[in-house]
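Laboratory data are not the source of any read-out in this text; all were calculated from the coordinates shown. Just so it is clear, the structure is predicted and the values come from calculations on it, not from any experiment. Here the Cβ positions follow ideal geometry from the backbone for every residue, glycine too, while neighbour counts run over all protein chains shown.
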Amino acid sequence: MEKNFVVLVYANASPFPYHSWTPLSILAVGAYLEKNGIEVEYFDERIHKKRRLKELVERKPLLVGLSTMTCFQIKNTLRLASLVRRMNPEIPLVWGGTHPSMCAEQTLESDLVDFVVKCEGEQTMLELVQSLQEGKKDFSDIDGLGWKKNGTNVMNKDREFLDIEELPFPYDGKGGEILAEYLKKTDTLENIGYESSRGCPYKCGFCYNVFFHKNVCRVKSLEKVRSELSRLKEMGVSKMTFYDDTLLAGRKDMINNICDLLRELGFEWIANVRINLFSPELLNKFRESGCVYLFFGIESPDDEILRFIRKGQNRRMIDDGIRIASKGGIKTLYSLMIGLPNETREQLNRTLDFADEIRRMHPGAEVPIQPYVPLPGTLLYEEAVKAGFKSPAHLEGWKNYTNDEIKHPWVKDKRLLNSIYINTFLAFRYDRFLKNFWSRLIFSPLHRLSLWRWEKRNYKFFVELYLYLMYKRMGWFFILMGKIFKN
């Protein structure tokens with residue numbers, strides 16, 4: 001029996017091949033463990049075959065850690081956890097990530113969960129590993145941990161935030177092997193991630209960040225960012241995505257310095273930025289430093305809704321930001337949200353009309369419209385509950401909890417929201433995600449149909465919904481066929 005190493009697992013988070021990015025949630029923990037002398041092995045379902053996980057389990061690791069978000073990923077994480085449990089019931093299963101953090105007690109109730117690591121997991125996981133190595137049965141002194149004691153679920157106190165300057169480079173050690181695999185991938189976009197900060201200063205009511213980071217923002221020093229980006233460049237990375245919730249937590253002084261560094265190193269890069277912080281000066285900085293794609297969370301054109309969701313911006317700021325971004329020649333996405341509690345039909349229609357207005361102001365922009373998803377721990381969750389929302393009663397109930405599974409009791413026409421979600425994806429995101437893939441032969445006619453539907457607001461006989469659901473359930477088949485035709 002080895003039990004000298006741990007296995008960190010990342011399940012497939014999307015049915016689509018292009019949603020495949022380096023899993024920093026497990027790489028950050030793994031690098032921290034390796035730095036402290038713990039052997040780590042990774043299983044990433046997007047790049048590894050299931051045989052690898054079986055072989056690792058056969059070696060009898062000390063524990064198997066699984067990271068998951070509240071989305072399609074839970075279904076796959078449950079499946080992989082079940083596989084480990086069947087092969088060896090003695091191996092502890094440790095769950096972490098945004099969903100287990102926000103639903104820690106409920107997650108711990110599952111038979112497929114032995115421990116829950118809440119929020120920032122590096123030090124908590126290290127202390128758990130060390131305790132298991134020492135044969136301890138009591139874990140009450142490990143902050144940030146949920147565990148089972150004689151059939152009772154125990155939640156320890158929360159852990160204080162770590163010093164971000166002391167965290168290791170996530171692609172150190174065996175993380176470098178994962179990076180090398182992603183550099184080989186051709187069926188995905190901008191798949192190398194980098195984290196320059198943790199936390200966001202804003203309090204958007206629908207976002208996990210208020211709970212997870214408690215509005216504490218930590219930004220890496222320019223020296224640390226320089227060192228890590230230089231390492232990425234040496235490892236063969238030329239295009240990467242900032243995983244920050246808001247680029248460098250919105251600190252303009254740091255953004256200016258990082259832009260100079262990115263230009264110096266010759267990166268192409270992508271980031272999420274606040275529209276109310278955008279300016280002509282920043283636009284020029286971004287363009288000159290290699291920015292190739294920007295993401296703005298607009299959410300709504302309605303000031304009443306923006307106040308309700310605590311977005312921290314208004315319509316005037318949004319319009320000004322779009323006019324600025326439209327002049328930069330940088331591909332841009334403006335995300336809108338529908339299906340909020342108390343949303344009226346008039347407000348829904350204004351959001352749809354605003355998508356057209358955005359595309360008039362910024363031709364070629366991507367404007368996905370996504371249904372609201374109530375997340376436990378967020379500021380809007382209680383509003384959703386007041387409006388009749390009933391969350392799943394157990395971990396397994398969250399496995400189909402995604403943007404395309406509308407379960408909100410206040411939404412009278414759930415099919416309409418589903419149709420809008422799929423329609424705007426096919427109409428406005430085709431060029432980026434579908435046009436250059438083997439599947440364009442299938443999606444090109446659907447794209448033309450979606451443009452017609454959007455113009456007419458005609459969702460009768462919406463066959464695209466059923467085709468989407470079929471793809472979602474049989475995505476593995478289409479991916480396999482694509483690889484066959486590609487070869």
Which pairs in the list Lys214/Lys414; Lys50/Lys174; Lys224/Lys252 are over 22 Å apart, alpha-carbon to alpha-carbon?
-> Lys214/Lys414
What FRET efficiency comes out for the pair Ala180/Asp260, r = Cβ-Cβ distance, R0 = 22 Å, nearest 0.05?
-> 0.15
Subtracting the Cα-Cα distance from 0.36 nm times the residue separation, let me have the gained length for Lys60 to Thr344 in nm, one decimal.
-> 96.7 nm
Taking a point 7 angstrom from the Cα of Met361 along the C-beta vector, which residues in region 296-322 have backbone N less than 13 Å away?
-> 296-303, 314-322
Give the shape of region 7-65 as rounded, prolate or oblate, defined through the alpha-carbon gyration tensor: a ≥ b ≥ c are the square roots of its eigenvalues, a/c under 1.5 means rounded, and otherwise the shape is prolate if a/b is larger than b/c and oblate if not.
-> oblate
Provide Rg and Dmax in Å for region 5-155, with only Cα atoms included in the calculation.
-> 14.2, 44
List, largest first, the extents of the alpha carbons of the chain along their principal axes, each in whole Å.
-> 65, 50, 50
The chain - share of DSSP beta bridges that are antiparallel (%, nearest 5) = 20
At what distance in angstrom do the alpha carbon centres of region 45-85 and region 356-401 lie from each other?
-> 27
Cα pair distances of region 192-372 binned at 5 Å [whole percent] = 1, 8, 17, 20, 18, 16, 11, 5, 2, 1, 0
Test item: Cα-centred dipole of the chain, Lys/Arg +1 and Asp/Glu -1 on Cβ, debye | 1780
Any cysteines in the chain with zero other Cys Cβ atoms under 4.7 Å from their Cβ? List them, or say none.
-> Cys71, Cys103, Cys119, Cys200, Cys217, Cys259, Cys291
Could you pull out which residues in region 288-330 have an amide N less than 17 Å from a spot 7 Å beyond the Cα of Trp410, following the Cα-Cβ vector?
-> 299-311
Between Lys224 and Glu268, the FRET efficiency computed from the C-beta separation at R0 = 22 Å comes out, to the nearest 0.05, as 0.55
Grab every C-alpha pair in region 241-286, bin the distances at 5 angstrom width from 0 up to the longest one, and report whole percents.
-> 5, 21, 36, 29, 9, 1
Pull up all non-local amide H partners of Lys239: gap of 5 or more, or a different chain, and H-to-H distance under 5 Å with H placed in the peptide plane.
-> Glu268
